[in-house]
Amino acid sequence: MCGILNKYIRAILFSSITVVFLILISLSSIIRLVDELRKIEIENYSIFEVVIFIILSVPKDFILFFPIAVLLGGLIGLSIFETHNEFIAIQLFGYSKFQIFISAIKAAMPILLCSLIFNEWLMPNSEKMIYKYRDHSQNNFYLVSEKIKNFWFRDKDNFVHVECVTTYEELLGVTLYNFNKKQKLNKIFYAKRAIFINKVWNLLDVTELCISENMHTINNSKFSCVEWNIQLNPKILSMITVRPNILSISNLYNCIKYFNQNRQNSRHYQIIFWNKILSPISGIVMMFTALTCTFGPLYQKKMGFKLFIGSIIGFLFYILNQIFSVSSAAHNISPVFSALIPSIVFLLLSIMIIRIYS
């Protein structure tokens with residue numbers, strides 16, 4: 001009998017969460033569609049291209065709505081049990097509130113796993129497809145030639161400025177500033193082009209300026225081709241030149257590793273990395289919050305009122321998450337801690353509320 005009850009609870013909650021996801025993603029897609037239809041004449045898109053863009057944006061919406069969808073779906077599913085007085089029958093069969101919570105988590109488990117799958121594979125790939133598709137639709141062969149200009153990066157004791165990144169295997173206007181151990185400018189290299197061939201960068205048409213320690217003497221040399229041994233390769237270049245929030249979890253880890261090796265600040269990437277890794281925990285906390293509200297202050301309240309309060313709670317969770325993400329970068333707070341704080345706060349509040357109403 002317990003197995004049947006467990007399956008019944010999971011079925012109701014899973015279907016409720018799925019319906020909420022579909023509604024939220026549909027609303028977001030409609031708003032995005034209206035916005036894109038306004039740009040058709042300006043950006044020279046077709047209706048078919050707009051539809052493709054809307055479909056490819058679904059993974060990003062899934063990740064955005066994940067916590068609030070679990071919360072609202074949990075509230076709706078648990079309210080169905082409450083409306084039909086099924087909680088009483090379930091508890092008569094020996095099911096405690098904790099067992100109901102475990103069944104609720106099991107119902108949400110496929111959604112929780114989907115959040116990791118979307119963060120690792122679907123969302124990054126869909127974003128790449130959006131960029132590539134829109135680029136080809138506008139007849140621009142290289143997207144990066146228009147997007148990445150005046151690009152700076154560091155390689156050990158060298159600071160490098162790139163005027164234009166045409167492809168991830170070709171750079172134009174490369175200026176390299178080399179500093180000695182006393183942090184004084186030692187050499188300046190300027191190359192008209194840099195090409196990645198046979199797993200190494202080659203600088204073409206190179207001008208080298210060697211500066212003496214007293215800064216009084218400058219020697220000028222020219223070379224047709226110079227081999228450039230740096231840690232940066234086309235794969236890493238393709239990661240650090242896009243917005244970090246669209247990178248997969250594994251690519252974020254590689255970026256963090258690269259920045260740390262070059263003594264650069266990787267905190268922003270670490271915050272996004274841990275937010276994605278710990279997203280299932282936020283889903284579990286939102287489900288527990290839904291259970292707390294159902295058995296606590298929202299018991300026997302109307303469905304519309306529950307959804308209104310649930311929307312406010314979900315919005316507060318999102319705002320709190322954004323605040324601590326910014327605070328972590330600004331005030332040197334641990335990225336792991338900043339990613340966990342919103343979940344910890346809501347978990348503690350939920351425990352306090354359920355103890356008061358129990």
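Overview of results
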| quantity | calculated |
| --- | --- |
| Some residue of region 289-307 being of a type in the set (Gly, Ala, Ser), touching a residue at least 12 places away in the same chain (Cβ under 8 Å), assigned to a helix (DSSP H, G or I) and surrounded by fewer than 20 Cβ atoms within 10 Å (Cβ to Cβ) | no |
| Enumeration of residues in region 27-64 that are over 26 Å from residue 248 (Cβ atoms), surrounded by 12 or more Cβ atoms within 10 Å (Cβ to Cβ) and at pLDDT 95 or above | 27 |
| Qualifying residue in region 274-281 (condition: farther than 30 Å from residue 157 by Cα and at pLDDT below 90) | no |
| Residue in region 256-265 that is in contact (Cβ under 8 Å) with a residue 12 or more places away in the chain, assigned by TED's automatic domain parsing to the domain that holds residue 108 and aliphatic (A, V, I, L, M) present | no |
| The listed residue being modelled with pLDDT of 95 or more and on the phi < 0 side of the Ramachandran plot, out of 286, 303 | 286 |
| Filter pass, residue 189 being closer than 25 Å to residue 170 by Cβ and either among the β-branched types (Val, Ile, Thr) or touching a Leu at 6+ places or on another chain (Cβ under 6 Å) (or both) | yes |
| Answer from 81, 153, 98 - the residue that is at pLDDT 80 or above and not assigned by TED's automatic domain parsing to the domain that holds residue 353 | 153 |
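The values are calculated or read from the model by the stated rules, or taken from the named source; none is laboratory data. Worth saying up front: this structure is predicted, and the values here are computed from it rather than measured. Ideal geometry is used to build each Cβ from the backbone, glycine not excepted, and the neighbour counts take in all protein chains shown.
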